[in-house]
1. For residues that are free of Cβ contacts under 8 Å to residues at least 40 places away in the same chain and of a type in the set (Ser, Thr, Tyr), scanning just the range B:90-130, find the one that is farthest from the other protein chains (Cβ to nearest Cβ).
2. Looking at (1) in contact with an Asp or Glu (Cβ under 8 Å, 6 or more places away or on another chain); (2) outside any loop (DSSP other than H, G, I, E, B); (3) buried (at least 20 other Cβ atoms within 10 Å of the Cβ), find the lone condition where B:Leu358 falls short.
3. Any idea how many residues of the range A:173-213 are facing another protein chain (nearest Cβ under 7 Å) and more than 20 Å from B:Ser87 (Cβ to Cβ)?
4. For the range A:191-203, indicate whether the set of residues that are assigned to a loop (DSSP other than H, G, I, E, B) and modelled with pLDDT of 85 or more is non-empty.
5. Go through (1) at pLDDT 90 or above; (2) surrounded by fewer than 19 Cβ atoms within 10 Å (Cβ to Cβ) and name the single condition A:Leu45 misses.
6. Condition first: free of Cβ contacts under 8 Å to residues at least 24 places away in the same chain and assigned to a strand (DSSP E or B). Now tell me which residues in the range B:69-89 satisfy that.
7. Need the failing condition index for A:Ile59 against (1) open to solvent by less than 40 Å² (accessible area, probe 1.4 Å); (2) within 19 Å of A:Thr21 (Cβ to Cβ), just the number.
8. Any chance you could count how many residues in the range B:336-353 are among the hydrophobic types (A, V, I, L, M, F, W, C) and surrounded by fewer than 21 Cβ atoms within 10 Å (Cβ to Cβ)?
Amino acid sequence: MRSDFFASSKGSAQKIFDPRTKLLMVVTISTVVMADSGGGWMSVLCWILTFVPLALFLIERKWKAALIYFCVYWGATLMQLYLLPLTTGVVNFLLVAMSFFSVRFMPGIAMASYLVNTTTVSEFMGAMERMRVPQSLSIPLSVVFRFFPTVSEEYTAIGDAMRMRGIRFGGRKPAKMIEYRLVPLLVSCVKIGDELSAAALTRGLGAPIRRTNVCEIGIKPQDVFTMAVCAAMILLFIFEKI
Amino acid sequence: MIKLTNVSFTYTGGREDAGVRNINLTIRPGEVVLVCGESGCGKTTLTRMVNGLIPHFYEGELTGTIYVGAKDVAKSELYDLARTVGSVFQNPRSQFFNVDTTSELAFGCENLGIAEDEILTRVRKTVADLSISHLLDRSIFELSDGEKQKIACGSVSVLGPDIYVLDEPTSNLDFETIAALRRVLSFWKATGKTILVAEHRLHFMKGIADRVIFMREGEIRETHEGAEFFALPPRYFEERGLRIPSLDRLPAAETAEADLPSDPIRIEKMRVSLRGEPILNIPALEIPSGGIIAVIGANGAGKTTFARSLCGLVSGDRSVVTFRGRALNAKKRLSVCYLVMQDVNHQLFTESVLDEVLLSMSVEDETRADETLLSLDLSAFREDHPMALSGGQKQRVAIASALVSEREILVFDEPTSGLDLVHMRETARNIAALKRNGVTSFVVTHDPEFILACCTHVIRIEAGEISGNYPLDSSGVKNLTAFFRHDESMAERT
């Protein structure tokens with residue numbers, strides 16, 4: 001995953017949707033697309049849904065994210081249609097696994113990336129509070145939310161270090177690639193997480209009072225409309241499963 | 001305002017941080033106290049006992065009593081203490097909970113449930129007081145370290161606490177930003193706040209610190225009046241492993257032998273842009289090879305980008321570096337140059353020091369690996385896990401892996417940030433030893449003491465362009481000290 005895909009959001013950008021709407025969209029797209037059993041009008045709906053993240057990326061001018069999503073999703077779809085029938089054995093198995101993963105998970109991942117990309121931590125916390133999510137859940141979730149861009153920053157730095165040492169697929173010890181990347185990543189994430197919590201606690205995070213929030217979030221007409229569409233989708237989906 | 005009585009603390013749970021013993025300290029309201037001492041002397045622990053992270057976040061055994069204002073720290077909750085004590089930490093990367101500056105400034109007040117209108121008023125007042133209004137509504141990830149530290153100060157200032165605690169706040173800062181931090185401290189002092197600063201760098205506290213405490217091995221060993229402390233002779237600082245108390249006291253460097261620029265390194269067409277904005281533009285530059293080149297300039301001037309481009313890590317880089325008769329494009333530089341990162345943890349991958357070195361060899365050769373480890377004083381740690389080593393040792397492991405892969409140019413990104421005198425000199429020795437091996441080193445740094453300890457040449461980058469390129473002979477040393485002093489006095493005036 002390129003770092004652009006999980007980059008952070010600036011504070012001042014004009015927001016189309018409320019964070020709650022975006023959360024619901026993530027849930028809808030990931031469940032409906034992931035569980036699509038194939039065939040029938042439900043599949044057509046699914047197919048339409050896969051364009052939603054693409055459209056949103058384009059509206060937000062996230063060209064690179066849009067391109068990555070478009071290539072991975074359509075690449076995998078075309079592979080399923082044209083390449084799979086031509087292969088057999090292990091190659092076939094690997095291709096099936098890869099394309100299945102991409103087609104089923106990519107729309108959900110892309111939608112989640114859109115959520116992280118266009119929502120500030122503060123807005124996210126605000127949304128959680130409005131939904132009356134208890135602090136014991138909302139604080140850890142916001143920390144996770146805060147962590148995406150940091151992890152991607154660290155990941156890029158470690159990638160640089162690996163490139164300099166010539167550790168890459170096709171180099172020596174390819175089997176150790178994942179270990180080499182994950183060990184330093186975990187070490188630095190644990191350290192940053194620790195320092196981050198300490199800094200947040202000294203500024204009163206976790207006080208047993210209702211937090212205030214200065215960012216402007218609120219349900220607008222487009223939110224109501226989108227939420228209704230999402231709810232309808234999920235109902236249709238349940239109806240179809242029964 | 002702050003009163004510690006017979007306080008001792010030892011960390012539990014496998015932390016290596018140093019504890020403290022028998023601390024008795026009373027700080028009056030409005031007093032500014034500087035705590036100094038070598039790494040591991042317990043000064044960070046002292047700050048944590050005042051802001052309540054000890055005993056509420058860091059676990060361990062605490063005896064004695066700590067009072068902050070009227071609050072008993074051990075019996076108060078952290079969110080309660082947050083109203084009284086504001087903290088600024090060392091690492092600008094890990095003290096922001098939000099990813100945009102405005103939310104970050106409002107964050108503390110939001111946590112304490114202060115009304116939205118009131119918060120916005122306070123934020124506006126704070127950015128005016130600290131002259132940081134231009135930093136509003138920015139993404140944290142776009143800011144330089146200096147700007148991040150200003151936001152960190154702002155975000156505690158918004159809460160208006162009576163006490164400020166700063167733990168090594170200048171580690172990653174250039175001189176101009178340090179001077180800006182000094183102005184913030186003066187402002188807080190002038191408004192009657194009580195301030196506790198733990199630091200290695202001392203010079204910026206001159207004229208602000210009312211009292212200076214020297215710690216060693218977890219104990220308070222000496223207490224000085226501020227003015228008296230800064231007038232102590234150089235020998236005093238040297239003996240205690242402390243950094244210079246004033247930039248006027250930069251030690252004279254042994255004049256570097258004039259390097260023969262007969263076979264210079266030539267850098268051409270080094271142009272890097274980020275989102276369409278040019279951040280580095282070096283049409284042509286010649287530097288003598290075989291020396292230690294200091295790369296100086298303000299936070300955010302493009303020094304790190306220069307380091308990454310030199311090592312071939314910038315994508316779409318069309319620059320060419322001519323070195324020892326070879327013209328190297330970015331891709332070739334990946335195997336000729338090596339970057340020792342500021343956070344060296346990013347580049348240690350394996351389970352033992354030996355494996356780390358073997359991994360970098362094109363053909364694994366244990367004998368040669370052992371020779372390299374011996375030359376870098378690492379033989380004793382051959383089988384140890386790299387993550388278990390100290391900072392200076394980790395740095396040497398990274399150097400070892402660069403040497404065995406026959407790198408001819410090593411680039412260090414701020415290798416001495418946050419180091420005390422002893423460890424700074426260790427790093428200077430590590431890098432000086434490379435020169436004897438015929439390796440050319442580039443060192444991105446804000447540390448004049450370090451430059452004078454080992455560098456032979458200086459290049460200065462401002463706003464993405466080269467604005468200085470001189471050998472560190474006697475006139476070069478004058479140039480350099482003028483740069484650091486000018487930087488400081490300029491910022492002082494604005």
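1. Among those that are free of Cβ contacts under 8 Å to residues at least 40 places away in the same chain and of a type in the set (Ser, Thr, Tyr), it is B:Thr126.
2. Condition not satisfied by B:Leu358: (3).
3. Count: 9.
4. Within the range A:191-203 (the criterion being assigned to a loop (DSSP other than H, G, I, E, B) and modelled with pLDDT of 85 or more), the answer is yes, since at least one residue qualifies.
5. (1)
6. B:Lys71, B:Asp72
7. It is condition (1) that A:Ile59 fails.
8. Here the count works out to 1.
The values are calculated or read from the model by the stated rules, or taken from the named source; none is laboratory data. Fair warning: this is a prediction, and the values are worked out from it, not measured in the lab. Because the Cβ atoms are built from the backbone with ideal geometry, glycine has one as well, and the counts that use them run over all protein chains shown. Each accessible area value is taken on the protein alone, full model and side chains, heavy atoms only, with ligands, DNA and RNA left out. Shrake-Rupley method; radii C 1.70, N 1.55, O 1.52, S 1.80 Å.
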